[in-house]
Amino acid sequence: MQKKKRKKRLRVGRLFLLLIIILAISFACYKFIDIPIRSIIIKGNEILTDEEIVEISDLDDYPSYFSVLSIVVKNKLMKNKYIENVKVSKGFLDIKIQVKEKKILYIDSSTNEKVMMDSSVKDEKIVCVPYLKDMIPKEKKKRFLKSMNKIDKDILCQMSQIKYDPNEIDKDRYYVYMNDGNSVYLTVNKFDKINKYNTILENIGKQNGTLYLDYGDYFEAY
């Protein structure tokens with residue numbers, strides 16, 4: 001009888017120890033799976049802030065690392081009108097988000113919308129692009145957008161206003177007023193010439209006037 005009691009106690013003890021081990025392993029696994037994201041690395045954004053990207057991604061409360069799927073984060077970000085593309089990858093307890101934003105070409109002064117190649121956004125964000133002062137004929141809009149897209153971002157930031165200003169020679173002529181007080185005439189097929197604006201200024205010196213890049217490529221002081 002004593003031997004049987006010992007065997008029962010031994011079996012119960014082993015079962016109890018096994019249960020404790022299983023519980024300990026389960027708890028350790030749970031704690032490991034529940035480890036939160038340690039850091040979120042965001043690159044490539046200029047229009048959207050890091051905080052906005054984190055919020056759009058639903059990562060603002062730093063959820064469990066293992067509960068976050070890269071494809072889910074990407075799909076959430078791709079719904080934003082400012083984002084053209086995004087790459088999301090996971091490192092060791094961190095999330096890397098590489099953003100490519102759409103290029104804002106100008107602000108429509110009549111609607112206050114920020115205009116891009118294929119969309120527009122109306123919000124309170126401050127961006128460094130010119131205002132379009134006049135309406136552009138519908139049939140010329142597509143070509144105008146393509147030409148604006150050829151202008152470098154830093155030059156767009158130096159442009160204050162742009163307006164459709166045709167003359168008898170060219171119906172695709174535009175007038176640009178620069179932040180430094182100069183003005184520039186461009187035709188739609190020569191918009192990329194303004195990318196050399198700063199180099200041209202070095203040759204002009206400290207004077208204001210009108211730069212004719214539509215025909216002749218010359219500067220006329222005020």
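Only the coordinates and a few stated rules stand behind these numbers; no lab work does. Just so it is clear, the model here is predicted, and its values are computed rather than measured. Cβ atoms come from the backbone with ideal geometry, glycine included; neighbour counts cover every protein chain shown.
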* Quick one: Karplus J couplings for the stretch 89-101, per residue in order, coefficients 6.51, -1.76, 1.60, θ = phi - 60°, nearest Hz, x for Gly and Pro? -> 9, 10, x, 7, 6, 9, 10, 10, 10, 9, 9, 10, 8
* **Contour excess over end-to-end distance, with Cα ends at Ile71 and Glu220 and 0.36 nm allotted per residue** => 48.1 nm
* Distance between modelled label sites at Glu51 and Ser110, nm, 7 Å Cα→Cβ extension -> 3.6
* How large is Rg over Rh for the stretch 39-101, taking Rg from the Cα atoms and Rh as the Kirkwood inverse mean of 1/r across Cα pairs? -> 0.91
* Based on other C-beta atoms within 10 Å, arrange Arg38, Arg173 from fewest to most. => Arg38, Arg173
* Structure fact -> Quick note on Met117, Met159, ordering by fewest other C-beta atoms within 10 Å, gives Met117, Met159
* Structure fact -> Which of Lys125/Lys190; Lys103/Lys196; Lys142/Lys163 exceed 23 Å between C-alpha atoms? The answer is Lys125/Lys190
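Please arrange Val72, Val86 by how many other C-beta atoms lie within 10 Å of their C-beta, fewest to most.
Lowest count first: Val72, Val86.
Work out the FRET efficiency for Asn195 and Leu93 from their Cβ-Cβ distance, taking R0 = 25 Å, and round it to the nearest 0.05. Present the calculation step by step, with values, prior to reporting the outcome.
On the way: r = 43 Å, r/R0 = 1.72.
E between Asn195 and Leu93, to the nearest 0.05, is 0.05.
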